[in-house]
Amino acid sequence: MKLLHVDSSILNADSVSRTLTAHIVATLQDGQPDLDLASAPLGHLTQQHLAAAQGAPAPAGAEADIAASQRALDSFLAADTVVVGAPMYNFGVPSQLKAWLDRLAVAGKTFRYGEQGPVGLCGGKKIIVASSRGGVFSEGSPLASMDHQEAHLRAFFGFLGIQDITVVRAEGLAMGPEARARALEVARQHIAALASPAA
Ligand SMILES: Cc1cc2nc3c(=O)[nH]c(=O)nc-3n(C[C@H](O)[C@H](O)[C@H](O)COP(=O)(O)O)c2cc1C
């Protein structure tokens, strides 16, 4: 298995999503995060990145940034399983994680437009999202329409042609100690099930 482990929480040791991704990766194989987007953030997407992705030389002074962009894309393309730590921040994903997504959506590499519309080029990969959030936004809950975190990630990776997307969710983490403990236990059980053949 070529596994890519990506974290994005700014809370480091206190982070639920980091704990969950570590647990998921340990369940699947040993390893440290390959990409820590909080300690080594990618910058905002710029016109230079778009041009470089289409083969233009990196402008003077932007070489390191363009190289980081290329590494982010290469490591994603090389992986068959990608474990993504994705806390909900202000109803969406952390801007650090969004910056990474922006480097992955490269026309001709991860998707293309055809006469029938967009075609994802990354089919066959497996995505496991460790989703953590203070409130409850899952399907059927009153705040479900405010979920622009998991919904975004499903839409994004689906656009790239990836159909195998699993979300390990710990939600309601800010709703008291009992709700938090319950959420963590649900996530732990889900992770345990990922390792079993029936998962
Ligand atoms: C900057 C920030 C923004 C947040 N925004 C939301 C939010 O919009 N909705 C929500 O339910 N929880 C929100 N939370 C709570 C986090 O989703 C929750 O603490 C989660 O555990 C964070 O993931 P982490 O522990 O992996 O960092 C926010 C937390 C932070 C630090």
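So which residues in segment 174-184 are more than 11 Å from the ligand (Cβ to nearest atom), open to solvent by less than 70 Å² (accessible area, probe 1.4 Å) and assigned to a helix (DSSP H, G or I)?
Within segment 174-184, 179, 181 meet the criteria.
Restricting attention to segment 98-110, does a residue exist that is within 16 Å of the ligand (Cβ to nearest atom) and more than 13 Å from the chain's Cα centre (by Cα)?
No: zero hits.
Which ones in segment 8-20 are assigned to a loop (DSSP other than H, G, I, E, B) and surrounded by fewer than 18 Cβ atoms within 10 Å (Cβ to Cβ)?
Within segment 8-20, 10, 11 qualify.
Any residue in segment 161-176 that's within 11 Å of residue 129 (Cβ to Cβ): show its pairings with residues that are within 13 Å of the ligand (Cβ to nearest atom) and among the charged types (D, E, K, R) at Cβ separation under 6 Å, as long as the two are six or more apart or on different chains.
What qualifies is 167/150.
Does residue 5 qualify as being open to solvent by less than 60 Å² (accessible area, probe 1.4 Å) and within 16 Å of the ligand (Cβ to nearest atom)?
The answer is yes for residue 5.
Taking residue 68, is it open to solvent by less than 70 Å² (accessible area, probe 1.4 Å), within 16 Å of the ligand (Cβ to nearest atom), in contact with a Gly (Cβ under 9 Å, 6 or more places away or on another chain) and assigned to a helix (DSSP H, G or I)?
no
With the checklist (1) within 16 Å of the ligand (Cβ to nearest atom); (2) exposed (fewer than 15 other Cβ atoms within 10 Å of the Cβ) in hand, flag the one item residue 83 doesn't pass.
Here residue 83 clears every test but (2).
So the check is Cβ under 7 Å with 6+ separation or different chains; which pairs have a first residue in segment 3-21 that's under 22 Å from residue 124 (Cα atoms) and free of Cβ contacts under 8 Å to residues at least 40 places away in the same chain and a second one that's within 10 Å of the ligand (Cβ to nearest atom) and open to solvent by 30 Å² or more (accessible area, probe 1.4 Å)?
Sorted first by the residue in segment 3-21, then by its partner, the list stays empty.
Could you list, ordered by first residue, the pairs with Cβ atoms under 7 Å in which the first is in segment 96-120 and within 14 Å of residue 156 (Cα to Cα) and open to solvent by less than 30 Å² (accessible area, probe 1.4 Å) and the second is part of a loop (DSSP other than H, G, I, E, B) and among the polar types (S, T, N, Q), at least 6 apart or interchain?
Taking only residues 6 or more apart or on different chains, the pairs are 97/8; 104/110.
Just checking, does segment 153-173 include any residue being open to solvent by 20 Å² or more (accessible area, probe 1.4 Å), more than 28 Å from residue 14 (Cβ to Cβ), part of a strand (DSSP E or B) and of a type outside the set (D, E, K, R)?
There is no residue in segment 153-173 that is open to solvent by 20 Å² or more (accessible area, probe 1.4 Å), more than 28 Å from residue 14 (Cβ to Cβ), part of a strand (DSSP E or B) and of a type outside the set (D, E, K, R).
Any idea which residue in segment 21-37 is farthest from residue 103 (Cα to Cα), counting only those that are open to solvent by less than 10 Å² (accessible area, probe 1.4 Å) and within 14 Å of the ligand (Cβ to nearest atom)?
24
Of all residues in segment 94-127, which are in contact with a Pro (Cβ under 8 Å, 6 or more places away or on another chain) and in a loop (DSSP other than H, G, I, E, B)?
Once the filter is applied, which keeps residues that are in contact with a Pro (Cβ under 8 Å, 6 or more places away or on another chain) and in a loop (DSSP other than H, G, I, E, B), segment 94-127 yields only 94.
Could you tell me which of the residues 77, 50, 45 is more than 21 Å from residue 17 (Cα to Cα), open to solvent by 10 Å² or more (accessible area, probe 1.4 Å), of a type in the set (A, V, I, L, M) and modelled with pLDDT of 95 or more?
After ruling out the rest, the residue left standing is 77.
The values are calculated or read from the model by the stated rules, or taken from the named source; none is laboratory data. What you see is a predicted model; the values in this text were computed from it and never measured. Cβ: placed from backbone, ideal geometry, glycine included. Neighbour counts: every protein chain shown. Ligands, DNA and RNA are stripped out before the accessible areas are found, and what is left, the full protein with its side chains, is counted by its heavy atoms. Shrake-Rupley method; radii C 1.70, N 1.55, O 1.52, S 1.80 Å.
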